[in-house]
Amino acid sequence: TFVVTDNCIKCKYTDCVEVCPVDCFYEGPNFLVIHPDECIDCALCEPECPANAIYSEDEVPADQQQFIELNAELAETWPNITEKKDSLADAEEWDGVEGKIQYLEK
Ligand code: SF4
Ligand code: F3S
């Protein structure tokens, strides 16, 4: 499966959802997640993210391992998203800021 990680938080560009053939992205207030049981590992979304926030599960950086469980957990409660929308207002300013998990809204 693929996993959305820290740098999506407060950016949420949503380019990723447009290319997913199985529509397995789920949307929270300032972050998106991938449902691990629905993702077919096609890898199409990974290069689409302007924030480089998407990784294959086995390539998630060591300091972001918690996002594997977080994607699984939040995909069960958040609504599905299948169409691109505007990124969050300050997305460019937040792109690249480390440790944004402290701002994650559920
Ligand atoms: Fe969707 Fe493919 Fe990305 Fe999985 S790897 S979330 S199936 S686009
Ligand atoms: Fe997030 Fe990147 Fe998609 S910032 S919403 S994972 S395009």
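The values are calculated or read from the model by the stated rules, or taken from the named source; none is laboratory data. Predicted model only: the values in this text are computed from it and were never measured. Cβ placement follows ideal geometry from the backbone for every residue including glycine, while neighbour counts extend to all protein chains displayed.
Brief remarks on what is shown
- D90 acidic (D, E) and either at positive phi or within 10 Å of the chain's Cα centre (by Cα) (or both): no
- Output for region 58-80, where each listed residue is in contact with a Phe, Trp or Tyr (Cβ under 7 Å, 6 or more places away or on another chain) and either within 13 Å of ligand 1 (Cβ to nearest atom) or of a type in the set (A, V, I, L, M, F, W, C) (or both): V60, L74, A75, W78, N80
- Selection count, region 6-33, where residues are surrounded by fewer than 23 Cβ atoms within 10 Å (Cβ to Cβ) and among the aromatic types (F, W, Y): 2
- Residue in region 11-18 that is in contact (Cβ under 8 Å) with a residue 24 or more places away in the chain, in a loop (DSSP other than H, G, I, E, B) and more than 11 Å from the chain's Cα centre (by Cα) present: no
- Extreme residue, farthest from D86 (Cα to Cα), among residues of region 34-44 that are touching a helix residue (DSSP H, G or I) at 6+ places or on another chain (Cβ under 7 Å) and surrounded by fewer than 21 Cβ atoms within 10 Å (Cβ to Cβ): P36
- Of the listed requirements (1) farther than 21 Å from Y103 by Cβ; (2) outside any helix (DSSP H, G or I); (3) of a type outside the set (K, R); (4) near ligand 1 (Cβ under 10 Å from one of its atoms), E83 misses just one: (4).
- Filter pass, I40 being of a type outside the set (D, E), under 15 Å from L70 (Cβ atoms) and at pLDDT 95 or above: no
- Of the residues making up region 30-52, those that are touching a Cys at 6+ places or on another chain (Cβ under 6 Å) and part of a loop (DSSP other than H, G, I, E, B) number 7.
- Any chance V3 is hydrophobic (A, V, I, L, M, F, W, C), surrounded by 14 or more Cβ atoms within 10 Å (Cβ to Cβ) and closer than 14 Å to N80 by Cα: no
- Of the set (1) more than 19 Å from K106 (Cα to Cα); (2) buried (at least 18 other Cβ atoms within 10 Å of the Cβ); (3) within 13 Å of ligand 1 (Cβ to nearest atom), all apply to A51 but (3).
- So Q102, is it within 11 Å of T5 (Cβ to Cβ), modelled with pLDDT of 95 or more and more than 13 Å from the chain's Cα centre (by Cα): no
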